[in-house]
Amino acid sequence: MSDTDDAQQADDELLALLGEAIEDTNAVPPWLTRFANESHRLLSLEGELAAIVSDSLVDAGEMRSGAGVRTIEFAVDGTTVRLEVDGAEIRGSVSPAPSEVHLVTETDPHSIQVNQRGFFQFDTPAGLFRIVAVVDGSVIRTDWVRFS
């Protein structure tokens, strides 16, 4: 066997191994497809940015964390989003009641169960998050906040 044949055989073996590696990565898990679609849908929701109209931490003149219950209220075009944190849980409401609410963190979007009156609750996420709500077909999103 010549050096050319040896090189050709080595190339063929390498290409076969690369082909197997590519075939193994072609199957996308269904959960990843759902996650990607939901992430894209949430990121593509432009929506109206609800401005902070009150923050109990600032209103009380306390610019430090850990001072009991903290409430932040956002508003835009007649829609109000209110968040209240007390320890490890956040309770919130959207008025008028939304058809859907999402918690968007720096890494993941999550759908939040919301009742017919617009109330919801979730565990306080680490880091920044925002609320995205669909109210009467319009998308409302809060500014990024941090409670932890």
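The values are calculated or read from the model by the stated rules, or taken from the named source; none is laboratory data. Please read these numbers as outputs of a predicted model, since none were measured by experiment. In this analysis, Cβ positions are derived from the backbone assuming ideal geometry, glycine residues included, and neighbour counts consider all displayed protein chains.
What pairs come out if I take residues in the range 36-59 that are loosely packed, with under 14 Cβ neighbours inside 10 Å and part of a helix (DSSP H, G or I) and pair them with residues that are among the small types (G, A, S) and modelled with pLDDT of 85 or more whose C-beta lies under 7 Å away, six or more apart or interchain?
Listed pairs, sorted by first residue: none to list.
Please list, ordered by first then second residue, the pairs with beta carbon atoms under 9 Å, 6 or more apart or interchain, first in the range 98-125 and on the phi > 0 side of the Ramachandran plot, second assigned to a loop (DSSP other than H, G, I, E, B) and surrounded by 17 or more Cβ atoms within 10 Å (Cβ to Cβ).
Listed pairs, sorted by first residue: G118/P98.
Evaluate the following for A97: is it in a strand (DSSP E or B) and either touching a strand residue (DSSP E or B) at 6+ places or on another chain (Cβ under 8 Å) or over 16 Å from A50 (Cβ atoms) (or both)?
no
Which of (1) at pLDDT 85 or above; (2) surrounded by 15 or more Cβ atoms within 10 Å (Cβ to Cβ) is the odd one out, the single condition S111 does not satisfy?
So S111 meets the others, but not (2).
Does any residue of the range 111-127 turn out to be over 19 Å from R91 (Cβ atoms), within 15 Å of the chain's Cα centre (by Cα), assigned to a loop (DSSP other than H, G, I, E, B) and not acidic (D, E)?
Checked the range 111-127: at least one residue is over 19 Å from R91 (Cβ atoms), within 15 Å of the chain's Cα centre (by Cα), assigned to a loop (DSSP other than H, G, I, E, B) and not acidic (D, E).
Could you tell me whether V139 is part of a strand (DSSP E or B), surrounded by 15 or more Cβ atoms within 10 Å (Cβ to Cβ), among the β-branched types (V, I, T) and in contact with a Lys or Arg (Cβ under 9 Å, 6 or more places away or on another chain)?
It is false that V139 is part of a strand (DSSP E or B), surrounded by 15 or more Cβ atoms within 10 Å (Cβ to Cβ), among the β-branched types (V, I, T) and in contact with a Lys or Arg (Cβ under 9 Å, 6 or more places away or on another chain).
Report the residue count in the range 1-60 for those that are modelled with pLDDT of 75 or more and closer than 30 Å to A75 by Cα.
Result for the range 1-60: 12.
Output the residue which, of all residues in the range 84-108 that are among the hydroxyl-bearing types (S, T, Y) and more than 14 Å from T142 (Cβ to Cβ), is modelled with the highest pLDDT.
Checked the range 84-108; the qualifying residue modelled with the highest pLDDT is S99.
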